[in-house]
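As structure tokens, the structure follows; a few thoughts come after it.
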Amino acid sequence: MAFELPVLPFPKIPGTTTPYIASPDASGKHTVPSSQYFKNASNLWVPVSAADPLPASDAGLQAKVENLESKLDGILDGSTPANAQLTGSTVAKTDGVASLGVGEAAVETVINAASVAAGESVYAVMQANGAIEVWVLLNADQQPWTLWATTIWDTNSFYTAALHPIREAVATTYASLHNPAVSLYMPLAPHPFRGLIEPGSVAEARQYSLVPGSTVGLRVENGSAVTATITVRVIRIWK
């Protein structure tokens, strides 16, 4: 416990106004008064210093400090495990699809094993949900088939150029869900008719893969002479 030095008539060094303490301290010196003093073990008034630190009289507090230091040492050297707890919130859902954040992706089936008669088409509407990139995965057990998508400016018409690679009259079947035909959706449907160069690679197609509109329409036509089973899934990516 610290004590303020009582007001005492300190003697002055002869010929000066410098006060000093008549009784020497533990080191034999006459210490000039400073801002705070306490009585040491020798019952002498001494200033707080590195050699004479202010004593703590709260044994409980000192024990807590020592215990905390021991725990910190254990965490640093690995001998005492430290527990961490994460906090967060439930991800909201929109139209049955999680509204995910930056660096996330979600897969949704928009056409599930639909039976499409010869020469007929099946349609689906996909909610973009703020995704910055959309991939379309198609499975068809008959061929040929064609895949279309709407554009960002026209949600009532379908364009094969809105996908890369273009999937028009494809003469290959994709019956296994493990190996679908994968296409990147391009909202601008680049084509020379619109003054845009058609992409020759996925890297070039991604230059047109801007944020789509709120909804994207998809159409799959069965060009075969028999009924086809069509499944379409979409992958939304939030970068």
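The values are calculated or read from the model by the stated rules, or taken from the named source; none is laboratory data. On a predicted model such as this, the values are computed, not experimentally measured, just so you know. Neighbour counts are summed over all protein chains in view; Cβ atoms, including those assigned to glycine, are modelled from backbone coordinates with ideal geometry.
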- Query: For region 142-182, what are the residues that are over 17 Å from N222 (Cβ atoms) and of a type in the set (S, T, N, Q)?
  - Reply: T150, T151, T155, N156, S157, S176, N179
- Verdict on R219 being of a type in the set (K, R) and either surrounded by fewer than 16 Cβ atoms within 10 Å (Cβ to Cβ) or not assigned by TED's automatic domain parsing to the domain that holds N129 (or both): no
- Task: Check region 130-150 and report whether any residue there is β-branched (V, I, T), in a loop (DSSP other than H, G, I, E, B), modelled with pLDDT of 90 or more and surrounded by 18 or more Cβ atoms within 10 Å (Cβ to Cβ).
- Result: yes
- Message: I'd like the full set of residues that are aromatic (F, W, Y) and closer than 16 Å to Y123 by Cα, limited to region 141-167.
- Response: W145, W148, F158, Y159
